[in-house]
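Engineer: Just dropping this structure here.
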Amino acid sequence: FQAAGVGLGLALGLAALRRDATAPVRLLPRGGAQPLAPLGALYASVALLLFGTTTEIFVPYFLQLLQGQTPLVAGYLTAAMAGGWSLGSMLSSGRPAALAGPLARTGPFLSMLGLLALAGFSAFATSLPAGVQAGLWGAALALTGAGVGICWPHLLTRILTLAPAGEGDTASAAITTIQLYGIAIGAAMAGLLANAAGVTQGAEGARQAAVVLFAVFALAPGLAALLAGRGFARG
């Protein structure tokens, strides 16, 4: 039933994009529904970046079960992703226009590295002291969020720059729609994948689920890095 629900959500999303392309009043600006077009690639990057961050919903559970962290400590460590996002945005925003493209491509790559690090720590860092493991997880979560924050201002600015004349309001409103869709599908996929990997089957099942979840979801920001490059290819 879970897989059917996720599949239905994806199918409805694709159907909405096809319908939107010919609708008199559109959710996305012209070109926004075409992932290989510059504008569509940027919207897809936004969705994929949010998709990758939805792994955060399982972090408190993993920290408590795999490392014995208290709920309070697990909560603070999980917040490292949001902190990294905020710090990355502050450091990246206002950079010269010539750096917008490189930063938009580098940010998703850093986010991918953060998720891969979490997969590695879940699999191989079990013999380290709990405090060291907590620090490693916190750093990887912060890197994952910082990667999103670094590219975020430039992706959104580029979307508005590429929007067809007279469709700036549509392009701006569509960002929120794409964000929500990426989060919804990401959360559903995270739950589906974690359950399939054995997240409820004790500590070892949770460890296996953590490795699979973070490793698979690292593909999302990796693809976002490629698509962001397409979105900045012209001008």
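Engineer: What's log10 of I(q)/I(0) for the chain at q = 0.13, 0.17 Å⁻¹, Debye sum over Cα points only, no solvent?
Structural biologist: Debye output, listed in q order: -0.77, -1.17.
Engineer: Sticking with this one: Based only on Cα atoms, what mean projected area does the convex hull of the stretch 115-235 have, in nm²? Show your work: numbers first, answer last.
Structural biologist: Numbers: hull surface 34.9 nm².
Average of the hull's projected areas for the stretch 115-235 equals 8.7 nm².
Engineer: For the stretch 184-226, just say rounded, prolate or oblate: build the C-alpha gyration tensor, square-root its eigenvalues into a ≥ b ≥ c, call rounded for a/c under 1.5, and beyond that prolate if a/b exceeds b/c, oblate if not.
Structural biologist: Numbers: a/c = 4.40, a/b = 1.88, b/c = 2.34.
Here the stretch 184-226 falls in the oblate category.
Engineer: Once you put a point 7 Å from the Cα of Thr176 and another 7 Å from the Cα of Ala130, both along the Cβ direction, what distance in nm separates them?
Structural biologist: 4.3
Engineer: Using only the Cα atoms, what convex hull volume per residue in Å³ does the stretch 83-147 have? Don't skip to the end; give the middle numbers.
Structural biologist: Values: hull volume 4.0 nm³, N = 65.
About 62 Å³ per residue, rounded to a whole number.
Engineer: About the Cα centre of the chain, how large is the charge dipole given +1 on each Lys and Arg Cβ and -1 on each Asp and Glu Cβ? Please answer in debye to the nearest 20.
Structural biologist: 520
Engineer: Next question. I'm checking a number: the convex hull volume of the Cα atoms of the stretch 61-114, normalised per residue, in Å³. What is it?
Structural biologist: Working: hull volume 3.8 nm³, N = 54.
Spread over its residues, the Cα hull of the stretch 61-114 gives 70 Å³ apiece.
Engineer: On the Cα set of the stretch 1-108, report Rg and Dmax in Å, please.
Structural biologist: Here Rg and the maximum Cα pair distance are 18.7, 55 Å.
Engineer: Would you mind pulling out the separation of the Cα centroids of the stretch 98-138 and the stretch 139-156, in Å?
Structural biologist: Distance between centres, Cα-based: 11 Å.
Engineer: Further question: Can you tell me the FRET efficiency between Leu10 and Thr200 if r is taken as the Cβ-Cβ distance and R0 is 25 Å, rounded to the nearest 0.05? Write down the numbers at each step before the final one.
Structural biologist: Values: r = 24 Å, r/R0 = 0.98.
Computed FRET efficiency for Leu10 and Thr200 comes out at 0.55.
Engineer: In µm²/s, what is D for the stretch 131-171 at 20 °C and 1.002 mPa s, where D = kT/(6 pi eta Rh) by Stokes-Einstein and Rh is the Kirkwood radius from Cα pairs? Provide the component values of the computation, followed by the final result.
Structural biologist: Numbers: Rh = 12.4 Å.
For these conditions, the coefficient is 173 µm²/s.
Engineer: How far apart, in nanometres, would the label points at Leu72 and Leu36 be if each is projected 7 angstrom from Cα along the Cα-to-Cβ direction?
Structural biologist: 5.5
Engineer: Could you sort the peptides 105-117, 205-217 by per-residue average Cβ neighbour count (10 Å cutoff), highest mean leading?
Structural biologist: In descending order of packing, they fall as 105-117, 205-217.
Engineer: Under the rule of -39500 (n - 2.57) per DSSP H run of 4 or more residues, summed and divided by the residues of the chain, what mean residue ellipticity at 222 nm is obtained, to the nearest 500 deg cm²/dmol?
Structural biologist: Values: 10 runs with 183 residues, N = 235.
Computed mean residue ellipticity for the chain: -26500 deg cm²/dmol.
Readers should treat all values here as calculations from the given coordinates under stated rules, not as data from a laboratory. Here the structure is a predicted model, which means the values were calculated and not measured. Please note: Cβ atoms are built from the backbone with ideal geometry, for glycine as well, and neighbour counts cover all protein chains shown.
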